[in-house]
Structure formats: structure tokens, C-alpha cells
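The values are calculated or read from the model by the stated rules, or taken from the named source; none is laboratory data. Everything numeric in this text was worked out from a predicted model, so none of it was measured. In this analysis, Cβ positions are derived from the backbone assuming ideal geometry, glycine residues included, and neighbour counts consider all displayed protein chains.
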Amino acid sequence: MYSNIDRSWFSIKENQKNHEKMLPMTMMACSKGYSDCLKVLLANHVKPVPDCIHIAIGSGYIQCVKLLLECDDFDINQPSVTIEPMVTPLVSACVSGQAEVVKLLLNHPKQKIDVNRVSPKVPLPLHAACMKGYADVVEMLLSKGADPTLLDNVGNNAFVCAAFVGNERIVNLLFDYIDAKCKTREEKLKYAQAILTPTTNVSGSNSKITSATCFDIASNYGHINVLKVFQQRCKPYGINLEVPEEAMKTSEKRVEEAKSSAKAERKTKKPEPSSTTTPTIIGVAYENQAQLFEFMK
């Protein structure tokens, strides 16, 4: 009888170990926003797994994030382990638009984050925030020295990302940053070249090379106000961007067509999951980022 009880007890202990491997308790607490439970676990020296902070960030459970950041042995630069794509907590916060979390991470009292560290598989924090249109997050990153002229994992600078999403405030913030940086004519020339660096990506089944500047992208997507911002802010750098009247009319027409098409589609179709189809002007190089954004919604 006792041998059966012993075997049963060991079986329970083994199941607990397996459960902890498959779904750690800290991750369970973070997935539901149970900050009190997480606090008890941490107080009893349960080591949080790296992925739990990504779960908390994506779900908007700020209190759980704060508790994790207070742990002495929690590495804020540790990428996710089991969640694809393997991004850092800062990139997760930028993609989710969690400005408060971004602020907590950037102002961590004991650990530092290199906001300009390029990864071969995921976008830079600034570029991710630009692509999602989170101006407040962009402003925070720029204040910490994020460089908008750096090329991300797919070879695009932040101006390209801002032009793609069509956010005027973000474009102005990027220009404010480089305006403050430029002290000499040589520096202005350097930044002017960076602004107009074309994105060159492989797209389509025939591996066609497409090349477009941030100005071309804004024009292609009908972001008229962003085009005007580029025109105005580029002049001090010796760049005269003139948009032909015909091109402006074409952009306006595309905007109206897109609105009409979206309105008609809403009337005739049920909502479907967001598509990760890549616009042809950008090329398939944005597919990884699109998957990242879709995952972090």
C-alpha cells in the first residue's frame, strides 16, 4: 500500500515539473494580469521566465511589468525564448504602443538598453514604433538617442517607416531630431543623403528588385500631408522636392478610392483577420515585421 502511495506522490511531483516546463506559473499570472499572484511567486523566489514580460506587455498588464522589472536578476535585454519572433521587451512595448512600459524600460535604474542595437531578425525599436504610428513612443526613443537614419533588419531607415504609415507628427519628430543634431554643412549633407536613401528590397515571385525613397513611398500611398511635410522640412538640407500637380491629384484620387473601397467592403463582407500581404512598393522585406505586428496586437 505504501509503495503505491509513494509512486502516486512521485507521479504528482513529476506532473508539477512537467506543467512548470510547459506553462510556468509566472507566465500564467502575467497572461491573466494577476499581479497579486505574481507578487507572491516572486516573493517566494520563483524565477520569472523571460517570456512572461512579453505576455504582460502585449496584454497591457502594467503592474505585472513593474513587478518583473523590480526583480534583481531579471534581464530587460533578454529576448523572448519560446515566443516568435524573438524580440526584446522594448521592441514588444514599441509594437504594442505601451508608452508607459517604454518609459519604464528606458529609465530602468540598474540596467541600460542600447536603442540603436541592430538585430538581423527584428526591427529596431524606433522603426517598429514608426511603423505602428505611435508618436509618443517615437518621441521617447528619440530623446534617448535613437537614430532615425540607421537601417533596420530589412534595410529601411525610420523615415521610410514613417512615410509608409503616413503619420505627420512622427515625420516632424524625426526631422526635429536631425535638425538638433546638425551643426555644420557637412552634417546636413550627411543627413540629407540618409533621408533620401532608397529602400531596396526583393519582391515578388520573380525576385524583382524595387527601389523607392521615403518621398516615393508617401506619394505612392497617397499621404499628401506627409508629402508636404517632407517638402517643407527637406529644404534646409538643400533638397527641393517638387510634387507635380498631376502626381498630387493622383495621390488624392487614390485616397478617395481607398476610402470608397473600404466602405463598400465593410458593407458586403464580415470582418476578417488582418492580412500580412505586403505592399508592392515596399516589397516582401516587410513580411517579417508584418507578422510581428500581427502577433503583438
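Note on region 68-78: residues that are over 13 Å from Met27 (Cα atoms) and either in a helix (DSSP H, G or I) or among the acidic types (Asp, Glu) (or both) total 5. Among residues of region 114-133 being aliphatic (A, V, I, L, M) and surrounded by 18 or more Cβ atoms within 10 Å (Cβ to Cβ), the one that is nearest to the chain's Cα centre (by Cα) is Ala128. Of all residues in region 172-179, none satisfies being more than 21 Å from Leu104 (Cα to Cα), under 16 Å from the mean Cα position of the chain (by Cα) and of a type in the set (Phe, Trp, Tyr).
Of all the listed residues (Val95, Val87, Val81), the sole one being under 15 Å from the mean Cα position of the chain (by Cα), in a loop (DSSP other than H, G, I, E, B), at pLDDT below 95 and not charged (D, E, K, R) is Val87. Looking only at region 41-67, how many residues end up being at pLDDT below 95 and farther than 14 Å from Ser96 by Cα? Number of matching residues: 12.
Within region 73-97, the set of residues being touching a Phe, Trp or Tyr at 6+ places or on another chain (Cβ under 8 Å) and under 18 Å from Leu124 (Cβ atoms) comprises Pro85, Cys94, Val95, Gly97. For region 145-176, residues that are among the aromatic types (Phe, Trp, Tyr) and within 20 Å of Asn240 (Cα to Cα) total 2. Of the residues Glu246, Glu187, the single one that is modelled with pLDDT of 80 or more and in a helix (DSSP H, G or I) is Glu187.
Residue count for region 145-171 satisfying the condition of being crowded, with 18+ Cβ neighbours inside 10 Å, more than 19 Å from Arg233 (Cβ to Cβ) and either among the aromatic types (Phe, Trp, Tyr) or without any contact (Cβ under 8 Å) to a residue 40 or more places away in the chain (or both): 1. Considering only residues of region 77-98 that are out of contact with any His (no Cβ under 6 Å at 6 or more places or on another chain) and aliphatic (A, V, I, L, M), which is surrounded by the most Cβ atoms within 10 Å (Cβ to Cβ)? For region 77-98, the residue satisfying everything is Ala93.
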